[in-house]
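Structure, as structure tokens:
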Amino acid sequence: MNAERNLKLFLEKGYVTKLDRKLSLLLPFYSSQIAKRVFSKINTVAHSHAGSYSQVTPSVYTGINSVVKLIQQQLQESTLTSIKAAIVHGSIGDGNEIGYSDFDGIVIVDANEIKNVKHLLELHQLIKKTELLFFEQDALQHHGWAIFLLNDLRDFKDHLFPLELIQNGKTIFAADAFTIEAQNTSKKDQYKAVLNNLCSSIVHKASHLSTLRNQYIFKNLLSEIMLLPAAFLQAKYYKTISKKESFSKLKNDFPTIDITILNWASDVRLNWAQDSLNLKTQLFHQFKNAGLPISLLAPKTPENILVQLDEKWKLQVILLCNSLLQESN
């Protein structure tokens, strides 16, 4: 539905089209015009259709992560009623964060609670305000909140974002007792398409070794490599496999696949060290959000890692992707 897509785009980015993006940069007040256009279509967002739904009830976060606490405070202080819940997943949700860990968060929005344009603008601003705190967890954060409308959950695309991440995540904010209904509508070929796209992205990045001096790009590649086992198993079995369980399952079920690169990526991740967010990195993110990812402002990948990224390493990456694609068929 275009209305749903445009609403989520606005909440995530503050614009809908490329022209919107340019005009909002030149004319700050233009965001209100975009919000008016998006809000005018909210009442066309389809209501949930009949179906057999699963009950999804994440448990409550009980950890001590300082970024979670700051985000909780901002959400609790807001008077908006459109945020149904906020969930943290991944290593922070598990309480196993390390130096590499970023902030993996989900916001579930009830479009029926967005009462006017002012409310819509405030909701976008709250999402952006809390996202800024993500950089206190990871200065190289690649993504913001994953935003879902209630209707998304009732027609859920598990191949794009595993429903398990919501089910096994930890609630850090909920407006009321939080139980939702969800239905996975993904098809078998869609799981395979995700693996194909992921491998294409990895091979493209690995084939341009010079760009990996940019630590932001390198960490993105490393994260994609770490996703390979889960994406492969999902393409093979047509169901969600958690990233945490995927490494051992890949090794046990497919012992002939060479996982040298996966072991290398795991070691780099465990020994990860990065600078905290500073002015230079802040500027990099600001320019990136404006569509100008100026590489000179990005932090540099450490030399002890760069020396490992040679032609032999590139061929190992390509071999792993090819092996997984072939086995998935």
Item checked: HN-Hα J in Hz across the range 108-116 - Karplus 6.51, -1.76, 1.60, θ = phi - 60°, x for Gly and Pro -> 10, 10, 9, 4, 5, 8, 8, 8, 7
Check: Just from the alpha-carbon atoms, what are the Rg and Dmax of the range 188-328 in angstroms?
Finding: 16.2, 47
Next item on the list: Output the Cα-based Rg and Dmax of the chain in Å, rounding Rg to one decimal and Dmax to a whole number.
Entry: 20.4, 58
Item checked: Which of GLU164, GLU245 has the fewest Cβ neighbours within 10 Å, and the rest in rising order -> GLU245, GLU164
Next item on the list: Compute the FRET efficiency between SER266 and GLU181 as 1/(1 + (r/R0)^6), taking r as their Cβ-Cβ distance and R0 = 30 Å, and round to the nearest 0.05.
Entry: 0.25
Check: In terms of modelled amide H atoms, which long-range or inter-chain residues lie less than 5 Å from the amide H of HIS159?
Finding: SER186
Check: By how many degrees, 0 to 90 and rounded to 10, does the Cα axis of helix 215-237 deviate from the longest principal axis of the chain?
Finding: 90 degrees
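Can you tell me the FRET efficiency between THR79 and SER242 if r is taken as the Cβ-Cβ distance and R0 is 35 Å, rounded to the nearest 0.05? Show your work: numbers first, answer last.
Details: r = 36 Å, r/R0 = 1.03.
About 0.45, to the nearest 0.05.
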Check: How far, in nm, would the chain grow between LEU160 and THR211 when pulled straight, counting 0.36 nm per residue and subtracting the alpha carbon separation?
Finding: 15.7 nm
Check: Quick one: length gained pulling ASP189 to LEU279 fully straight, 0.36 nm per residue minus the C-alpha distance?
Finding: 28.0 nm
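Rounded, prolate or oblate, given the Cα gyration tensor of the range 21-163, with a/c below 1.5 counting as rounded? Intermediate results must be reported in sequence, preceding the final value.
Values: a/c = 1.85, a/b = 1.18, b/c = 1.56.
Taking the square roots of the gyration eigenvalues as a ≥ b ≥ c, the range 21-163 is oblate.
Values quoted throughout were computed directly from the atomic coordinates according to the rules given, and no laboratory measurement underlies them. Since this is a predicted model, take the numbers as computed values, not measurements. Using ideal geometry, Cβ is built from the backbone for each residue, glycine included, and neighbour counts are taken over all protein chains shown.
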